[in-house]
Each structure stands twice: as C-alpha cells, then as structure tokens.
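A short write-up of the structure that comes next.
The values are calculated or read from the model by the stated rules, or taken from the named source; none is laboratory data. What you see is a predicted model, and the numbers here were worked out from it, not measured in a lab. Neighbour counts are summed over all protein chains in view; Cβ atoms, including those assigned to glycine, are modelled from backbone coordinates with ideal geometry. Each accessible area value is taken on the protein alone, full model and side chains, heavy atoms only, with ligands, DNA and RNA left out. Shrake-Rupley method; radii C 1.70, N 1.55, O 1.52, S 1.80 Å.
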Amino acid sequence: MTTTTIDRPQTGPGDTTREHRLRWLILAVIGLAQLMVVLDATIVNIALPAAQQDLGFSDADRQWVVTSYALAFGSLLLLGGRLSDLFGRRNTFVIGLVGFAGMSALGGAAVNFPMLVAARAGQGVFAALLAPAALSLLATTFTKPDERAKAFGVFGAVAGAGGAVGLLLGGVLTEWTSWRWSLYVNLVFAAVALVGAVLMIAPHRSEHRPKLDIPGTITVSAALFGIVYGFSHAESDGWSDPMTIAWLVAGALLLAVFVVIETRVAHPLLPLRIVLDRTRGGSYLAMFITGSGMFAVFLFLTFYLQTVLQYTPIVTGVAFLPMVAGMVTSATTATAVLLPRVGPRVLITTGLIVAAVGLAVLAQIDVDTAYATIILPGLVLLGLGMGMVFAPGMQGAITGVDPDDAGVASATVNTMQQVGGSIGTALLSTVAATAATGFMDGRVPSPQNAALAAVHSYTTTFWWAAAIFVVGAAISAFLLPRGLLPAPAEGGQPAMAH
C-alpha cells in the first residue's frame, strides 16, 4: 500500500511510490533549507566586527545588519505562508531558495553599508517565503505517526540548533577566510537544497486555491514590523524613548485591527480557528517563549565567552556544541519515543523546566569560571530542554489544519519564534544594562569592576530567562490539552483537531 501526499499532482501511482521512497531524502533537503534560514540569524553576528572594519560603518549603524533581517523576516512570514498555499509549496520553496541565495551573494559582495543592509533585508524577505514552505512540506510529506515524529524531531533539532551552528560557522569562516563567506556560504546550502527540491519534491496543485486577504496582509505585516522594530529600538534607545513607545503602540493597535479584520473577511489570511485550537495555540505560545529566551542566551553567553573568558570566535562556537548535541538527542530520540505515548503537554512542560534548570546553572558563572564545571552542564541541560520543546511544538502547531491552510499555520510557528526572539533580546538587553549600571553604583571604575559588572549583567539575564521558561511551563501545563496528537488521516490529509 502506498502513501499519497497532498503535495503532488495526482498523475498516477508511480509518482506516489517514488515520493514515498524518497521521503527521507526530502527531509534532508527541507532540513538543509531550514538550517540556512535559522543560522543566518546568528552567523553574521560574529562576522560583524570584521565587516564593520572593512566597510567603515559606525557602532550605531551596526545593529541594522541584524535588525534589517529580523524586520523583513518577522513582518512578512504570514504573507509568505499564505503565498505558499496560493502558488504551491514546492514553487514557493524553490523561489525562496533562489532569492535567498541571490541576496546572500549581494551581501557578500557588498562595497558599502547600505548595500549590506539591503541584502540582509532581502534575505529576510525570501526567508519569509522559505521557512513556512519548508515546514508545510514536512507536514504533508510524512503522514504516518511514527515517521512523522522522527521527521519533526530532526526538523526541531535543526530549528533549535541552527543558531548555535551559526555561531560556530561564523567564527570559522571569519577567522579562516573572510567575513564575506558568512554570507557566501548560503550559496552552497541553497544550491544543494535547490537540486534536491527540483528532483525529488513534486509540484503541489491545490484544488481549492485560497484567495489573498489584502487588508489583513497589509495590516498584520505593518503590525509585526512595528512590534519588531519597536523592541529593536528599545534595545538601543531605551523603553521610555518616544519612538519606542510609538512603534510598540502602533504595532499593538494594528494587531488588534488585524484580529477584527480576520473575523469579518471571507478568506482570512490567518483563520482564527488555527490559533484558537488549544493544541496549536499552546504550541505557538511555547515557541514564542523558547524564542524569547534562547536567542538572548546565544547573545549574552557569546559576550561572556569572548569578552570575559577571552575565547576566540572559533572556540566560542565549539563551546556551544554540547548544547547542540543535547538538543539533537532530545529532539530526535526522546520526542520520537515519548511524544506518541505522553503527548505534547508533558514534553513541552518538562522541556521548559529542564531548560530553566540549565539557565539557573549558567547563572552561577563568575569572572574565571571553568568551562567544565558550570558552562558545560548548563548548556547540555539547556539543549536537552529546548529539544523537548521544539519538535513537539512544531508538530503540534500544524496538527489538524486544513491542507489549504498548512502554509500560514507553518508561518505562524516561525513568526512566534522570530517575534519572541526580538522581544526577548530587547527585554533582556535592557535587564543586562540596568544590572550592570546598578552594580557600578558606588564602585570605583576599574577593569576588574567592569568585568564583575558584565558578569553580573549576564547572570541577571540568565535568571530572568529561567523565570520566563518557568512561567511558560506553567502556562503550557494549563493551556495544552491532555492526550496525544491526532494522527494524520489517510491520504496525507491532516486529521482535524477539536
């Protein structure tokens, strides 16, 4: 008996058999594309000082190399998800790959700061097409419950570990070649994924093509832009700055308008039934919380390792590998074994608690902490916990959606992670700055006190992130329903969840 997926033209049994046979290779293609998107959020961070020296832009301008990517990516994800439903998941996936590679080449060849920022924004635009198409392809390629659990375990590990891999790869490329290769390397990833997609993924043709909700698209894109920009502005200019307040208020108001629009239009961009389901809603919230804590940990622990312990970029990247190993182990093994038996509520809640314990361990660092005694066990626990959240969170987030809504449901997962990362980074950056300033009050400025103040700021942020995870665990335990995820229906159609 062959398995039929919804992402192929119904032309004959031979196509069905071939796509079923190649499903694990298709997973490799999808995972490679997802890795490229996720690691690009961090790979450029380590390369930034070298790029700044080469192109001659200021410290104030430096943040825009990171922010431009986050703004375009976060604000256009829902549109990208709906476009994949409109024009086919494989077509959108291929366009995203080609566009992302082109923008990466443009950024690598940048001769000035505006060219680099424009390329990074372009990467974000095409990442907004690529990421939801990848997840929805995964959801429609694997329909057997046991295989789906394994596939989402792999995908969740890639999505979670990509940021740490980006730190390692960015350090290696910057130190051994040039900062430009932190962008050029995407051409290699995209080329391999593109060949695999064209050869192995069949075109998707929807029998009921959804219409594009223009008012909803404009409103939510503007709302997400305002929220992400507002939090980015708060990171650099403070929470009391009028521009920060204006952007955040505008974003919140537009988000409320978007909800009203979605209840009234015939073909909503994001049907509210997608997020009001307890399993999906709880999964989206879990992804938001993990994003808010995880990206901040990458940032502050990287600062600590490089500025306090004086690690090189390469050694800093290597230091994160135990976390990657823990994340891959828990996402692939524990999730495949436990998720079909205990359901997402137990795994996600437990994962957030384990990650909080890992952060509490990291909060014990000081100016001369040995890696093996504090940092290593903290990173391993953090990785194990995050792996237990990412895989079931992503699978739960697309459980039971109508096939024609798979793209926008997948986009919502990435939106929550991206917006959560922006909010968490801005919030914890403020916490860190306040903690450092408070530590120096009444103390004589000196290199020793400056180092102590920096460490105090990092430990404070780790405690805050741990608290966020504990609150997230409590909310997940309350919000997520008991029981197992519903199995996909025969023929690749996702079973409806109630």
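Please verify whether Ala223 is part of a helix (DSSP H, G or I) and out of contact with any Gly (no Cβ under 8 Å at 6 or more places or on another chain), treating the condition exactly as stated.
no
Could you tell me whether Val98 is in contact with a helix residue (DSSP H, G or I) (Cβ under 6 Å, 6 or more places away or on another chain) and outside any loop (DSSP other than H, G, I, E, B)?
No, not satisfied.
Do we find that Thr16 is at pLDDT below 75 and touching a His at 6+ places or on another chain (Cβ under 9 Å) in this structure?
It is false that Thr16 is at pLDDT below 75 and touching a His at 6+ places or on another chain (Cβ under 9 Å).
Kindly list, by first and then second residue, each pair from a residue in region 309-326 that is under 20 Å from Asp368 (Cα atoms) and open to solvent by 30 Å² or more (accessible area, probe 1.4 Å) to a residue that is at pLDDT below 85 and among the polar types (S, T, N, Q), limited to pairs with Cβ atoms under 7 Å and residues at least 6 apart or on different chains.
From residues that are under 20 Å from Asp368 (Cα atoms) and open to solvent by 30 Å² or more (accessible area, probe 1.4 Å), the pairs are Pro313/Thr174.
Answer with yes or no whether Val228 is open to solvent by 60 Å² or more (accessible area, probe 1.4 Å), over 13 Å from Thr430 (Cα atoms) and not acidic (Asp, Glu).
So Val228 does not fit the description; no.
When you look at Thr461, is it in a helix (DSSP H, G or I) and modelled with pLDDT of 90 or more, yes or no?
Judged against the criteria, Thr461 is a match.
Given the residues Phe73, Phe57, which is the only one that is of a type in the set (Phe, Trp, Tyr) and within 21 Å of Leu138 (Cβ to Cβ)?
Phe73
Might you let me know whether region 435-443 holds any residue that is out of contact with any Asp or Glu (no Cβ under 6 Å at 6 or more places or on another chain), in contact (Cβ under 8 Å) with a residue 12 or more places away in the chain and on the phi > 0 side of the Ramachandran plot?
No: region 435-443 contains no residue that is out of contact with any Asp or Glu (no Cβ under 6 Å at 6 or more places or on another chain), in contact (Cβ under 8 Å) with a residue 12 or more places away in the chain and on the phi > 0 side of the Ramachandran plot.
One line per residue, one yes/no per condition, for (1) open to solvent by 20 Å² or more (accessible area, probe 1.4 Å); (2) within 26 Å of Phe258 (Cβ to Cβ); (3) of a type in the set (Lys, Arg):
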{"residue": "Leu55", "(1), (2), (3)": "yes, no, no"}
{"residue": "Tyr69", "(1), (2), (3)": "no, yes, no"}
{"residue": "Leu83", "(1), (2), (3)": "yes, yes, no"}
{"residue": "Asn91", "(1), (2), (3)": "yes, no, no"}
{"residue": "Leu106", "(1), (2), (3)": "yes, no, no"}
{"residue": "Leu129", "(1), (2), (3)": "yes, yes, no"}
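When the residues of region 281-308 are narrowed to those that are crowded, with 21+ Cβ neighbours inside 10 Å and polar (S, T, N, Q), which ends up farthest from Val165 (Cα to Cα)?
Of everything passing the filter in region 281-308, Ser283 is farthest from Val165 (Cα to Cα).
Go through Gly122, Gly163 for me and flag whichever is crowded, with 21+ Cβ neighbours inside 10 Å and closer than 24 Å to Ala70 by Cβ.
Matching residue, one of Gly122, Gly163: Gly163.
Between Ser232, Ser221, which is of a type in the set (Ser, Thr, Tyr) and farther than 24 Å from Ala432 by Cβ?
Selected residue: Ser221, the only one of Ser232, Ser221 that is of a type in the set (Ser, Thr, Tyr) and farther than 24 Å from Ala432 by Cβ.
Suppose the filter is in a helix (DSSP H, G or I) and either under 18 Å from Ala28 (Cα atoms) or at pLDDT below 95 (or both); does Leu106 pass it?
Spelling it out, it is not the case that Leu106 is in a helix (DSSP H, G or I) and either under 18 Å from Ala28 (Cα atoms) or at pLDDT below 95 (or both).
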